[in-house]
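Colleague: Dumping the structure here so I can ask a few things about it.
The values are calculated or read from the model by the stated rules, or taken from the named source; none is laboratory data. Note that the structure is predicted; figures quoted are calculated from it, not measured. For neighbour counting, all protein chains shown are included, and Cβ atoms are generated from backbone atoms with ideal geometry for every residue, glycine included.
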Amino acid sequence: MSDLLARHRAVMPNWMALYYNEPIEIVGGKGNRVVDANGKSYLDFFAGILTNMIGYDVPEVREAVERQLATGVVHTSTLYLIRSQVELAEKIARLSGIPDAKVFFTNSGTEANETALLLATYARGSDQVLAMRQSYHGRSFGAISVTSNRSWKNNSLSPLNVHFLHGADRHLVQFRGMSDADYIAACADDLRHVLATAVTKDVAALIAEPIQGVGGFTMAPDGLFAAYKEVLDEEGILFISDEVQTGWGRTGSAFFGIQNHGVTPDMMTFAKGLGNGFAVGGIVARGDLMDGPHAVGLSTFGGNPISMAAANATLDYVLDHDLQANAARTGEIIISGLREAAGRLPVVGDVRGKGLMFAIELVDPATGAPAPALAARFMEETKKLGLLAGKGGLYGSTLRMAPPLTLTEDEAREGLGILVTALETVNDEAR
Ligand code: PLP
């Protein structure tokens, strides 16, 4: 065990998961690669944790932060006017497609979801909320209440009354073999049934991730949320799209993940990539909801000038370089290459994804059961070959990848080569 790991273990809780048998200390980064304390370089196929959306040491971001620091003015809080905050809010409101949108900044995705839930429950005067099975929305009491992934949920001290919906669980026996249209109809029917039989009063909102991140990049078929929205609209229930992982063009086919479903939500929450490593999150919502009679409060650090400088520079970079189109192009190279390899490697149970958000599900070749041990083995192999990925899913058997949106086509092919080599190794070992 390294000295740093021993010190980490001594003063940090054991539930703080560390990747790899010998965890990596990242000490530097440039472009889409990072370097560890031993000088080994890795192609970062997880963009930090979807945080370094445009890579590392980006001059535009560094210089924007340095310019802000050089002013000597780092007042944080929402009590004074902050120009960069207003400018960023204007851009996000415009990009959101939400009518008369207004924006409130936080420091994290958890806080953003907490704010959206507060707003929705205040606005509707109800503690009843709908969420999706397999979801993950954060670590606060409200966010954990709408999370249904057992790995992250240890008790039932929920401040909200939550009902969980189908939508990302086509593997369940009752849905197998169904067409997209039939599955969507079955899910909408289930929602109507929940509203008719399970809830005890008005429901405030549905919160959902367009592609479930921590849940293993599980995807509802395009159109599912449009079917849900139709039912929600009949009942006046608000729809919150959690875009913490799916925002800013990552899916290639839309700027926000929910737009793949042809839906305009009432609110969207965001965080992770927007600050390219600097802490920034927030909520963009319909103006009439934001301006409602119930104040949600202020934020001391939300919207601070350093994060705003980084976020404005990052968002401008994404737009100026049309990184959504790049995500579509490079993602297609990798996803189609993985699908091709999957055809000859029984250890691969599924390849799924959109743009630069894709996953590989590893299974026991004999039984088809989820294989977390093989996923752990695959992680070690890709690390050895110089590529960082994410692990997760309901059973710990999913490799999740979300490279920076700046990934080049050469890097996409290089990464694909590493992934396929690692899959071949694990497949040989598993036979
Ligand atoms: N929502 C989603 C979809 C996430 O993936 C996460 C974090 O992984 C969160 C919310 C919580 O964000 P944070 O860790 O910034 O609090």
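Colleague: For the subset of the stretch 98-112 comprising residues that are out of contact with any helix residue (DSSP H, G or I) (no Cβ under 7 Å at 6 or more places or on another chain) and outside any helix (DSSP H, G or I), which member is nearest to the ligand (Cβ to nearest atom)?
Modeller: Filtering the stretch 98-112 for residues out of contact with any helix residue (DSSP H, G or I) (no Cβ under 7 Å at 6 or more places or on another chain) gives 98-99, 107-108, 111-112.
From what is left, the residues that are outside any helix (DSSP H, G or I) are 98-99, 107-108.
On the way: I98: 18, P99: 24, N107: 8, S108: 4 Å.
Selected residue: S108.
Colleague: For D202, are the conditions met, namely being within 18 Å of A120 (Cα to Cα) and at pLDDT below 95? It would help to see each step written out before you state the result.
Modeller: On the way: within 18 Å of A120 (Cα to Cα): yes; at pLDDT below 95: yes.
In short, yes.
Colleague: Hey, another quick one. Is it the case, given these coordinates, that M290 is away from the ligand (no atom under 12 Å from the Cβ) and buried (at least 20 other Cβ atoms within 10 Å of the Cβ)? Show your work before the answer.
Modeller: Working: away from the ligand (no atom under 12 Å from the Cβ): yes; buried (at least 20 other Cβ atoms within 10 Å of the Cβ): no.
Criteria not met by M290.
Colleague: Taking F225, is it at pLDDT 95 or above, in a loop (DSSP other than H, G, I, E, B) and of a type in the set (F, W, Y)?
Modeller: Details: at pLDDT 95 or above: yes; in a loop (DSSP other than H, G, I, E, B): no; of a type in the set (F, W, Y): yes.
When the stated conditions are applied, F225 does not pass them.
Colleague: Report, by residue number, each residue of the stretch 384-425 that is under 12 Å from A359 (Cα atoms) and hydroxyl-bearing (S, T, Y).
Modeller: S397, T398
This table checks each residue for (1) buried (at least 16 other Cβ atoms within 10 Å of the Cβ); (2) among the β-branched types (V, I, T).
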{"position": "K384", "(1), (2)": "no, no"}
{"position": "K391", "(1), (2)": "yes, no"}
{"position": "A402", "(1), (2)": "yes, no"}
{"position": "T408", "(1), (2)": "no, yes"}
{"position": "L416", "(1), (2)": "yes, no"}
{"position": "L419", "(1), (2)": "yes, no"}
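Colleague: Then there is this: Is it fair to say A116 is buried (at least 24 other Cβ atoms within 10 Å of the Cβ), within 11 Å of the ligand (Cβ to nearest atom) and assigned to a helix (DSSP H, G or I)? Show your work before the answer.
Modeller: Values: buried (at least 24 other Cβ atoms within 10 Å of the Cβ): yes; within 11 Å of the ligand (Cβ to nearest atom): yes; assigned to a helix (DSSP H, G or I): yes.
So A116 fits the description; yes.
Colleague: Which residues, taken from the stretch 119-158, are among the β-branched types (V, I, T), assigned to a helix (DSSP H, G or I) and away from the ligand (no atom under 11 Å from the Cβ)? Spell out the reasoning first.
Modeller: Residues of the stretch 119-158 that are among the β-branched types (V, I, T), as a first pass: 121, 129, 144, 146-147.
When the remaining residues are screened for being assigned to a helix (DSSP H, G or I), the result is 121, 144.
Matches in the stretch 119-158: T121 only.
Colleague: OK, next. Can you spot a residue in the stretch 175-190 that is within 29 Å of L362 (Cβ to Cβ), touching an Asp or Glu at 6+ places or on another chain (Cβ under 7 Å) and not in a helix (DSSP H, G or I)?
Modeller: For the stretch 175-190, residues within 29 Å of L362 (Cβ to Cβ), touching an Asp or Glu at 6+ places or on another chain (Cβ under 7 Å) and not in a helix (DSSP H, G or I): absent.
Colleague: If you don't mind, another one. Before we move on, is S241 assigned to a strand (DSSP E or B), among the hydroxyl-bearing types (S, T, Y) and over 24 Å from L79 (Cβ atoms)? Walk me through how you get there before you give the answer.
Modeller: Numbers: assigned to a strand (DSSP E or B): yes; among the hydroxyl-bearing types (S, T, Y): yes; over 24 Å from L79 (Cβ atoms): yes.
Considered against the rule, which asks whether it is assigned to a strand (DSSP E or B), among the hydroxyl-bearing types (S, T, Y) and over 24 Å from L79 (Cβ atoms), S241 comes out as yes.
Colleague: Hey, G223 hits all of (1) within 21 Å of L119 (Cβ to Cβ); (2) surrounded by fewer than 24 Cβ atoms within 10 Å (Cβ to Cβ) but one; which does it fall short on?
Modeller: Status for G223: all satisfied but (1).
Colleague: Additional query: Select from the stretch 168-189 the residues that are more than 30 Å from T115 (Cα to Cα) and of a type in the set (A, V, I, L, M) and write down the one among them that is surrounded by the fewest Cβ atoms within 10 Å (Cβ to Cβ). So that I can check it myself, show each step before the final result.
Modeller: The first filter runs over the stretch 168-189 and keeps only residues more than 30 Å from T115 (Cα to Cα), leaving 170-183, 185-186.
Filter once more, so that each one left must be of a type in the set (A, V, I, L, M): 172-173, 178, 181, 185-186.
Details: L172: 9, V173: 6, M178: 14, A181: 11, A185: 14, A186: 14.
Taking the candidates together, the pick is V173.
Colleague: Is it the case that A313 is within 14 Å of the ligand (Cβ to nearest atom), under 26 Å from V73 (Cβ atoms) and small (G, A, S)? Before the answer, list the steps.
Modeller: Details: within 14 Å of the ligand (Cβ to nearest atom): no; under 26 Å from V73 (Cβ atoms): yes; small (G, A, S): yes.
Against the criterion (within 14 Å of the ligand (Cβ to nearest atom), under 26 Å from V73 (Cβ atoms) and small (G, A, S)), A313 does not qualify.
Colleague: Would you check which residues across the stretch 254-286 are more than 11 Å from the ligand (Cβ to nearest atom) and more than 18 Å from R94 (Cα to Cα) and list them?
Modeller: Selection gives H261, N276, G277, F278.
Colleague: Considering only residues of the stretch 1-35 that are of a type in the set (V, I, T) and loosely packed, with under 13 Cβ neighbours inside 10 Å, which is nearest to G277 (Cα to Cα)?
Modeller: Let us first name the residues in the stretch 1-35 that are of a type in the set (V, I, T), namely 11, 24, 26-27, 34-35.
Next, from what is left, pick out any that are loosely packed, with under 13 Cβ neighbours inside 10 Å: 11, 27.
Numbers: V11: 24, V27: 14 Å.
So, considering only residues that are of a type in the set (V, I, T) and loosely packed, with under 13 Cβ neighbours inside 10 Å, the one nearest to G277 (Cα to Cα) is V27.
Colleague: Now for a different question. Examine the stretch 147-155 for a residue that is hydrophobic (A, V, I, L, M, F, W, C), in contact (Cβ under 8 Å) with a residue 24 or more places away in the chain and either surrounded by fewer than 19 Cβ atoms within 10 Å (Cβ to Cβ) or on the phi > 0 side of the Ramachandran plot (or both), and state whether such a residue exists.
Modeller: Here is the first cut: in the stretch 147-155, the residues hydrophobic (A, V, I, L, M, F, W, C) are 152.
Retained after the next criterion (residues that are in contact (Cβ under 8 Å) with a residue 24 or more places away in the chain): 152.
Checking which are either surrounded by fewer than 19 Cβ atoms within 10 Å (Cβ to Cβ) or on the phi > 0 side of the Ramachandran plot (or both) leaves us with 152.
Yes, some residue in the stretch 147-155 is hydrophobic (A, V, I, L, M, F, W, C), in contact (Cβ under 8 Å) with a residue 24 or more places away in the chain and either surrounded by fewer than 19 Cβ atoms within 10 Å (Cβ to Cβ) or on the phi > 0 side of the Ramachandran plot (or both).
Colleague: Could you grab me the full set of residues in the stretch 372-391 that are more than 13 Å from T425 (Cβ to Cβ) and more than 23 Å from the chain's Cα centre (by Cα)?
Modeller: Passing the criteria: A373, G386.
Colleague: Within the stretch 25-78, track down each residue that is among the small types (G, A, S) and within 16 Å of the ligand (Cβ to nearest atom).
Modeller: Just the residues of the stretch 25-78 that are among the small types (G, A, S), to begin with: 28-29, 31, 37, 39, 41, 47-48, 55, 64, 70, 72, 77.
Within the stretch 25-78, A47, G48 qualify.
Colleague: Would you check if there is a residue in the stretch 159-167 being assigned to a loop (DSSP other than H, G, I, E, B), within 18 Å of L117 (Cα to Cα) and more than 18 Å from the chain's Cα centre (by Cα)?
Modeller: First, the residues of the stretch 159-167 that are assigned to a loop (DSSP other than H, G, I, E, B): 159-160, 166-167.
With the extra rule that they be within 18 Å of L117 (Cα to Cα), the set shrinks to 159-160.
Retained after the next criterion (residues that are more than 18 Å from the chain's Cα centre (by Cα)): 159-160.
Yes, some residue in the stretch 159-167 is assigned to a loop (DSSP other than H, G, I, E, B), within 18 Å of L117 (Cα to Cα) and more than 18 Å from the chain's Cα centre (by Cα).
Colleague: Give just the number: which of (1) at pLDDT below 95; (2) at positive phi does G31 not satisfy?
Modeller: Only one criterion is unmet by G31, namely (1).
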